[in-house]
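The values are calculated or read from the model by the stated rules, or taken from the named source; none is laboratory data. Computed from a prediction, not measured in an experiment: that's the story for all the values here. So basically every Cβ, Gly included, is an ideal-geometry build from the backbone, and we count neighbours across all protein chains shown. Only protein heavy atoms, including side chains, enter the accessible area calculation; ligands, DNA and RNA are left aside. Shrake-Rupley method; radii C 1.70, N 1.55, O 1.52, S 1.80 Å.
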Protein chains: 2
Amino acid sequence: MTSFSTGPGPTNAPPALPEGGLRVVALGGIGEVGRNMTVFEFGGRLLIVDCGVLFPEDDQPGVDLILPDFRAIEDRLDDIDALVLTHGHEDHIGAVPFLLRMRPDLPIYGSKFTLALLAAKAKEHRQKPKLIEVKEGERRTMGPFDCEFFAVNHSIPDALAVAIRTPAGVVLHTGDIKLDQLPLDGRLTDLAGFSRLGDEGVDLFCVDSTNAEVPGFVMPERDIGPVLDDVIRRVDQRVIVACFASHVHRVQQVLDVAQRHGRRVAFVGRSMVRNMGIAADLKLLNIPEGLLVDLDQASNLPESKVLFVSTGSQGEPLSALSRMARGEHRQISIRAGDTVVLASSMIPGNETAVFGVVNGLVRLGANVVHQGNAKVHVSGHASAGELLYLYNAVRPSNVMPVHGEWKHLRANGELAVRTGVSPENVVIAEDGVVVDLVDGKATRTGRVEVGHVYVDGLSVGDVGESTLSDRLVLGEGGFIAITIAVDTSTGRPVTAPTISGRGFSDDPKALDAVVPLVEMELARTEAEGITDTHRIAQAVRRVVGRWVADTYRRRPMIVPTVIPV
Amino acid sequence: MTSFSTGPGPTNAPPALPEGGLRVVALGGIGEVGRNMTVFEFGGRLLIVDCGVLFPEDDQPGVDLILPDFRAIEDRLDDIDALVLTHGHEDHIGAVPFLLRMRPDLPIYGSKFTLALLAAKAKEHRQKPKLIEVKEGERRTMGPFDCEFFAVNHSIPDALAVAIRTPAGVVLHTGDIKLDQLPLDGRLTDLAGFSRLGDEGVDLFCVDSTNAEVPGFVMPERDIGPVLDDVIRRVDQRVIVACFASHVHRVQQVLDVAQRHGRRVAFVGRSMVRNMGIAADLKLLNIPEGLLVDLDQASNLPESKVLFVSTGSQGEPLSALSRMARGEHRQISIRAGDTVVLASSMIPGNETAVFGVVNGLVRLGANVVHQGNAKVHVSGHASAGELLYLYNAVRPSNVMPVHGEWKHLRANGELAVRTGVSPENVVIAEDGVVVDLVDGKATRTGRVEVGHVYVDGLSVGDVGESTLSDRLVLGEGGFIAITIAVDTSTGRPVTAPTISGRGFSDDPKALDAVVPLVEMELARTEAEGITDTHRIAQAVRRVVGRWVADTYRRRPMIVPTVIPV
């Protein structure tokens, strides 16, 4: 089918960038959905587009966030002219505070709402970043990079695409984009602007790949309003609508429906309260006078007169909605006949959690409306049909699919080829792969190392693959600890071995049978004159490991501690 | 919308069963998808339908299998007249060996293919169960239970529904069912038989709920053949088709297409090889002479002349397909232009694993065809449209949705009501809820305890909620172990404390700063004359726990060991 160069790409270190060339490398976001961060280099100067976080998966237990890998720029912090943010989602701005720790005075460009969300985040980190507001249609120079901003629509207001002009050529980066032709706020994706840029000539087009596999077009956001109205007007008990805390237009439609049916609204969840406050202050959200009540007031209203707008649409276990589903929410207890609307997508990987919440709510008698049984959600990312419009408007010389897993990138590349882009001008470049634009041709020339950087609690980077691998072993099988005090002059144990397990068995006698085996082994090491605590520990580990494999066919971690006395 | 009695149901212990009444209780399978097992009681005698396993989820780490909870029957083993198996899937037969450990001479009824799969499983457990083969149309008496079997189609051959006649009334249990009107083997679901039974009067109808939320009808299995043909005939490199190892009709269609295009076929994966051998022996699978080759032969054939039929369609990490996706398979290394077909569903909870495999394959250059981009899979369970046919044929007095999570059960109950079943005759009875059929009316009368019974390695039941809860803590944060030898006559430490962490940090100095705090605390306990090892351990735990929370904002397990010397 495709003939463009797929495969993981080069493994060599990148060569020196030829003079007059432009270098592009993603430190996150390509080959995965999350932690978007792309670095552009020209004439020794750097420009960064986005700096987001990725949320961990099952094989990354205990981790809070995953950051882009800053190693490729950490020795060149002073070369960075600016950070440009395309929009305010966590996977585009979430890692900014960590970049700011390294370079506090970094100029950050973004739209009003994007910067307002970043400012709130920076405040939590006690940072005062240097924020420079830009609007669609504006053009700013940052070192050798001449940036022009374009309006795009997405599932958050005030999103931007950015064109980066350099002597090496023109790059257009879509950010996250769709082409809603009836946007709620009237702010269309600037297809005309893209066409004008296409007339000028776009040398490299970095395009959102998220929905490249999905045929057709995304339904307009405003078509959700009537569906919500239809659901909510029939209900004579409580209504709870869960959606993303940054989806201002979705919330706007919920508020309008609530108003129409005489329901007061309470926001539930810290980020929902905060973000909707910001959106209202910036006049992006219109909250009718007197509509809003707080949670305690709402609990005292008649059930038919209240509507809750809540976080928790992804089944997050600590969210308000999950607590309602388990019957553990302090103010809101679900009763038969209540209606819960999940006006949200299901992010891949969250299915089990979301279905768990749905089942819990249904079990308590709630009617649950979700995208599986009603049109209460549309995606924020362009489907294949819309991407074709983009390619045809921009007519790029080279295409670099961004924002997606491999299957999305490949599907996006195929769309480019179908619009006439030459297959050899489609570059699939996962995180770390270096793309050089030289003489109008983009080529994968090398690779810098891009690993996962984990944030766990307060620290960054000290939890790495070795710790995660231990956590996986411990999570699967627990551990067995054996402690012995040994006289190191003779190798003789001075106490009986203490053996205990955690995460191994509920049976308190589960480990009794191994005690005599350990004692025998200790008698042997003593008899052989072994006094080295490390060797004694190894011997004990071997005996216990073999016993547990034979007896239980399990693989707990075996942790011997030999104390020299 | 619904008016039937939802909610979790009664919590009281069940009352005595009135004479002449029939009792039904699920020990698994209702409120979840898996470990199906329903117990029927009449006149002091018991009949069991199915005995399957459930596969663990993320919050059940390290567990291999989950069994139905046998406690409700373990004191009444001699009262069981028979076990009836509706079909050979693991969620219907997988727990039989564990039931046989308690009652080795239990008579087991099932169709030929079901019993052949069970026999293979029993052999691995070194058991020789008492197997009694039955066919559709046959009728057998098991104690007071008069059972009649009906052909049904599903995603495995030779599936049966069972009607159970007792003096209390007639129960019809569908097992897993769909209504393919053009089945590959010509064996239709016996809708006519259900109608006849409906004429006689069905007092309780236990109905598969899996797809009750899905509108419409399942496409015929045979329509997949032309799609596979269309994909495979264009390919001039290797083709790998992954599907369930028991889906004989799917594999048949793959073999037919391979034959047509001159490709030899190799089966990959232990269960695929075993099950297709059984199916061929029973003439359920037709393997053309000379079509099959083994894996080594296949590796030596030209790429355009071979097709692999593999397990691993659910992204199981140790499966052949996952190893191919990681580039770790010994015989099959994926090259650009190879085609992989996932002719399978995606079981909820497996999405991340399956997408991981797809992305790995795409990254290596393979074209991946799956149900998201081609019609290469149909479900084995009736959609809502088919369920309406069933309700209209059977015209039951009472309905008990089975085989599903709460959202499926509720949707199924609503379908029953729409066909005219009175809402008060729909009983939603999750695992353990006791349903009594007395004088033609089914009622939820009480509840027996049904917990999760975990198999981990060789043992059953010793891993319980406390062990799992420890595993979750260890998996999220690892542990910090502190070991001290103390002179219990004085409370004085005779060694310096040994402090080490696993799954906590990659940084070897991560715990250095807590050592002096522990030493100070030990000096304090000694000064206060504390000699009790337990109290000393508690004091150390407190100090380390507080330090790690303040310093790292993490919650590892803190494991102090105080050795008395």
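Just give me the residues in the range A:353-374 being within 9 Å of chain B (Cβ to nearest Cβ) and closer than 15 Å to A:Gly315 by Cα, in sequence order. A:Ala353, A:Phe355, A:Gly356, A:Val358, A:Asn359, A:Gly360, A:Leu361, A:Val362, A:Val368 - these are the residues of the range A:353-374 that are within 9 Å of chain B (Cβ to nearest Cβ) and closer than 15 Å to A:Gly315 by Cα. Look at the range A:548-559: where a residue is assigned by TED's automatic domain parsing to the domain that holds A:Ala513 and more than 16 Å from B:Asp462 (Cα to Cα) and a partner is open to solvent by 30 Å² or more (accessible area, probe 1.4 Å) and at pLDDT 95 or above, sitting 6+ places away or on another chain with Cβ atoms under 6 Å, you get A:Met557/A:Val473; A:Ile558/A:Arg541. For the range B:136-145, the criterion of a residue being closer than 18 Å to B:Val402 by Cβ and not hydroxyl-bearing (Ser, Thr, Tyr) is satisfied by at least one position. The residue list B:Val214, B:Val202, B:Val235, B:Val218 contains one member that is part of a loop (DSSP other than H, G, I, E, B), touching a strand residue (DSSP E or B) at 6+ places or on another chain (Cβ under 8 Å) and closer than 24 Å to B:Ala442 by Cβ, which is B:Val202. Within the range A:524-564, if we keep just the residues that are part of a loop (DSSP other than H, G, I, E, B) and surrounded by fewer than 16 Cβ atoms within 10 Å (Cβ to Cβ), the residue that is nearest to the other protein chains (Cβ to nearest Cβ) turns out to be A:Arg553.
Do any strands (runs of 3 or more DSSP E) lying entirely in the range B:76-175 carry at least 2 residues that are in contact (Cβ under 8 Å) with a residue 40 or more places away in the chain and touching a Pro at 6+ places or on another chain (Cβ under 7 Å), and which ones are they? Qualifying strands (runs of 3 or more DSSP E): none found. Among the candidates B:Asp230, B:Asp296, the residue that is open to solvent by 60 Å² or more (accessible area, probe 1.4 Å) and of a type in the set (Asp, Glu) is uniquely B:Asp296. With the structure loaded, tell me whether A:Val421 is in contact with a Pro (Cβ under 9 Å, 6 or more places away or on another chain), within 25 Å of A:Ala168 (Cα to Cα) and more than 14 Å from chain B (Cβ to nearest Cβ) or whether it fails that test. When the stated conditions are applied, A:Val421 passes them. Annotation: B:Gly7 fulfils all but one of (1) assigned to a loop (DSSP other than H, G, I, E, B); (2) of a type outside the set (Ser, Thr, Tyr); (3) more than 14 Å from chain A (Cβ to nearest Cβ); the unmet one is (3).
Looking only at the range A:362-409, which residues are crowded, with 21+ Cβ neighbours inside 10 Å, assigned to a helix (DSSP H, G or I) and touching a strand residue (DSSP E or B) at 6+ places or on another chain (Cβ under 8 Å)? If the condition is that a residue be crowded, with 21+ Cβ neighbours inside 10 Å, assigned to a helix (DSSP H, G or I) and touching a strand residue (DSSP E or B) at 6+ places or on another chain (Cβ under 8 Å), then A:Val362, A:Glu386, A:Leu387, A:Leu390, A:Tyr391, A:Val394, A:Lys407, A:His408, A:Leu409 are the ones that fit.
Per-residue answers, yes or no, for (1) of a type outside the set (Asp, Glu); (2) within 14 Å of another protein chain (Cβ to nearest Cβ); (3) under 22 Å from the mean Cα position of the chain (by Cα); (4) part of a strand (DSSP E or B):
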{"site": "B:Thr11", "(1), (2), (3), (4)": "yes, yes, no, no"}
{"site": "B:Ala16", "(1), (2), (3), (4)": "yes, no, no, no"}
{"site": "B:Gly20", "(1), (2), (3), (4)": "yes, no, no, no"}
{"site": "B:Val24", "(1), (2), (3), (4)": "yes, no, yes, yes"}
{"site": "B:Gly34", "(1), (2), (3), (4)": "yes, yes, yes, no"}
{"site": "B:Thr38", "(1), (2), (3), (4)": "yes, no, yes, yes"}
{"site": "B:Glu41", "(1), (2), (3), (4)": "no, no, no, yes"}
{"site": "B:Cys51", "(1), (2), (3), (4)": "yes, no, yes, no"}
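Give me the residue from the range B:316-352 that is within 12 Å of chain A (Cβ to nearest Cβ) and of a type in the set (Ser, Thr, Tyr) and, out of that set, least open to solvent (accessible area, probe 1.4 Å). Going through the qualifying residues, I end up with B:Thr339. With respect to B:Ile80, determine if the residue is more than 17 Å from B:Glu430 (Cα to Cα) and of a type in the set (A, V, I, L, M). The answer is yes for B:Ile80. Residue pairs whose Cβ atoms lie under 8 Å apart, separated by 6 or more positions or on different chains, with the first residue in the range A:237-249 and touching a residue at least 40 places away in the same chain (Cβ under 8 Å) and not assigned by TED's automatic domain parsing to the domain that holds A:Asn300 and the second of a type outside the set (D, E, K, R) and in a strand (DSSP E or B), do not occur.
Taking the range A:410-420 as the range and being part of a loop (DSSP other than H, G, I, E, B) and farther than 22 Å from A:Thr189 by Cα as the test, only A:Gly420 passes.
Considering the range A:182-212, the residues that are touching a helix residue (DSSP H, G or I) at 6+ places or on another chain (Cβ under 7 Å) and either small (Gly, Ala, Ser) or not assigned by TED's automatic domain parsing to the domain that holds A:Leu160 (or both) include one that is most open to solvent (accessible area, probe 1.4 Å), namely A:Ser195.
Out of B:Ala496, B:Ala537, B:Ala549, B:Ala485, one residue alone is closer than 22 Å to A:Arg471 by Cβ and out of contact with any His (no Cβ under 6 Å at 6 or more places or on another chain). It is B:Ala549. On the stretch given as the range B:485-505, residues that are at the interface with chain A (Cβ under 10 Å from one of its Cβ atoms) and closer than 14 Å to B:Pro556 by Cβ total 6.
Restricting attention to the range B:142-162, the residues that are in contact with a His (Cβ under 8 Å, 6 or more places away or on another chain) and closer than 24 Å to B:Leu46 by Cα total 4.
For A:Ala336, the conditions (1) farther than 15 Å from A:Val241 by Cβ; (2) in contact with a helix residue (DSSP H, G or I) (Cβ under 9 Å, 6 or more places away or on another chain) all hold with the exception of (2).
Might you let me know whether the range B:302-309 holds any residue that is closer than 22 Å to B:Ala159 by Cβ and within 30 Å of the chain's Cα centre (by Cα)? Yes, the range B:302-309 has at least one match. With respect to B:Val450, determine if the residue is touching a residue at least 40 places away in the same chain (Cβ under 8 Å) and either away from chain A (no Cβ under 11 Å) or hydroxyl-bearing (Ser, Thr, Tyr) (or both). Here the answer is yes, as B:Val450 does meet what is asked.
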